[in-house]
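Visitor: The structure that follows is given in the form of structure tokens.
The values are calculated or read from the model by the stated rules, or taken from the named source; none is laboratory data. The model shown is predicted, which means the values in this text are computed figures rather than measured ones. Cβ sites come from the backbone with ideal geometry, for glycine too, and all protein chains shown count toward neighbours. The area values use the complete protein model at the heavy-atom level, side chains included, leaving out ligands, DNA and RNA. Shrake-Rupley method; radii C 1.70, N 1.55, O 1.52, S 1.80 Å.
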Amino acid sequence: MSSKYDLIIIGAGTAGMACAIEAASMGANVAVIEKDSKPGGAMHWSGGHMSAGGTQLQKRNNIEDSVQAHLDDIFRINNHSGDHDLIKLAVMEAPHTLNWLDNLKFPWAPECPRIIYGHVPYTQKRTQYGTNKAISIHETILPLWNESIASGKLQFFSDHRFTSLEKNSDNFDTVICEHKGNQVRFHGTNILITTGGYGSNKNLFAQKHGDIPLNSSTYPNSTGEGIQILEKNNAVFRMADLHLPSLGGIELEPGSGRSNFNEA
């Protein structure tokens, strides 16, 4: 086992797995830290909806769309709020991501692309997802994940709970985790934290969003520890006041703040 990595990724969900696969394919020595017993995160739970303008699937279905049209639609919906640079970057990269999956023979649901009305709708059919919801994403990228592990460029550490960061110079270079009651330390040149979910932590949600009611269908592991650790290290949680709780859901257990679209 390597004592120092080119890249340490905390969280083996959609972002963490894809990043690890790409980094390993380019020769980086990668460690992925995950508190669950398996990789995949919310891919085991969510609907897996993805949106992009100008994708290959859209073109095969004679749908005229573009990055700019997607961006214009977002700014219409959010009234030009948010971090514009970050939004533009996400929208520009979105078709590359969906085309990457498409080139991997992703099993798109036959009704896609489509307009989704469970939240504020786009004006164009640009939402895409798999025949088996987000599990389709997991099943598509898992062979690449396993190949990266087999190559020795990617090491996966499950059941490791991220607890803190340290730095021995100007930059953070050490990740500290808890594993079976023991402290484990990982050293790396670069650290990427992809554990942003916090919708399963009622107290943290109330701290960030005040009186906005929580009706969450997020993965149970989305408890926000990564956010809290980063804030202890002077990171800033921005734009909590712009949260738009526009996705509908039925609270199956009154007072729980939880809904499950697979059951409701």
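Visitor: Given the whole protein assembly as supplied and a 1.4 Å probe, what does the accessible area of Arg185 come to in Å², nearest 10?
Guide: 100 Å²
Visitor: Solvent-accessible area per residue for the chain at a 1.4 Å probe radius, Å²? Display every interim value, and only then the final one.
Guide: Values: 14160 Å² over 264 residues.
Per-residue accessible area for the chain comes out at 54 Å².
Visitor: Here's a follow-up. Probe radius 1.4 Å, ligands and nucleic acids left out: which of Glu34, Glu64, Glu231 has the largest accessible area, and how do the rest follow?
Guide: Values: Glu34 20, Glu64 155, Glu231 60 Å².
The residues order as Glu64, Glu231, Glu34, largest area first.
Visitor: Just read off the accessible area of Arg60 with the full protein assembly in place, 1.4 Å probe, to the nearest 10 Å².
Guide: 140 Å²
Visitor: Please compute the net charge surrounding Lys125, taking Lys and Arg as +1 and Asp and Glu as -1 over other residues with Cβ under 13 Å from its Cβ.
Guide: Details: positive: Lys59, Arg60, Arg114, Arg126; negative: Glu64, Asp65, Asp73, Glu111.
So the environment of Lys125 carries a net charge of 0.
Visitor: If you don't mind, there's one more thing I want to ask. At a 1.4 Å probe radius, which order do Lys35, Lys88, Lys232, Lys167 fall into by accessible area, largest first? Show your work: numbers first, answer last.
Guide: Values: Lys35 55, Lys88 85, Lys232 170, Lys167 105 Å².
Largest accessible area first, the residues go Lys232, Lys167, Lys88, Lys35.
Visitor: Excluding Gly13 itself, what net charge comes from residues whose Cβ is under 12 Å from its Cβ, given Lys and Arg +1 and Asp and Glu -1? Don't jump to the answer; show the numbers that get you there.
Guide: Working: positive: Lys35, Lys38; negative: Glu34, Asp36.
Local charge sum for Gly13: 0.
Visitor: To check you understand DSSP bridge types, tell me what percent of the beta bridges within the stretch 1-148 (both residues inside) are antiparallel, rounded to 5.
Guide: Values: 4 of 8 bridges.
DSSP beta bridges in the stretch 1-148 are roughly 50 percent antiparallel.
Visitor: Quote the accessible area belonging to Thr195 in square angstrom, nearest 10, computed with a 1.4 Å probe and with ligands, DNA and RNA left uncounted.
Guide: 40 Å²
Visitor: Of all the accessible heavy-atom surface of the stretch 71-154, with the other protein chains kept in place and a 1.4 Å probe, what percent is carbon and sulfur? Don't skip to the answer; put the middle values down first.
Guide: On the way: 2560 of 4530 Å².
After summing per-atom areas, the C and S share lands at 57 percent.
Visitor: Right, another one. 7 Å from Cα along Cα→Cβ at both Glu22 and Asp72: what's the point-to-point distance in nm?
Guide: Inter-label distance under the simple model: 2.7 nm.
Visitor: In whole Hz, what ³J(HN,Hα) sequence does the stretch 210-215 give by Karplus (6.51, -1.76, 1.60; θ = phi - 60°), x for Gly and Pro?
Guide: x, 7, 4, x, 9, 10
Visitor: For Ala24, what is the net charge nearby, where nearby means another residue's Cβ is under 15 Å from its Cβ and Lys, Arg count +1, Asp, Glu -1? It would help to have the intermediate numbers written out before the result.
Guide: Working: positive: Lys153; negative: Asp6, Glu22, Glu147.
That works out to -2.
Visitor: Where in the stretch 112-150 is the amide nitrogen less than 17 Å from a point lying 7 Å along the Cα-to-Cβ axis of Val184?
Guide: Label zone hits: 149-150.
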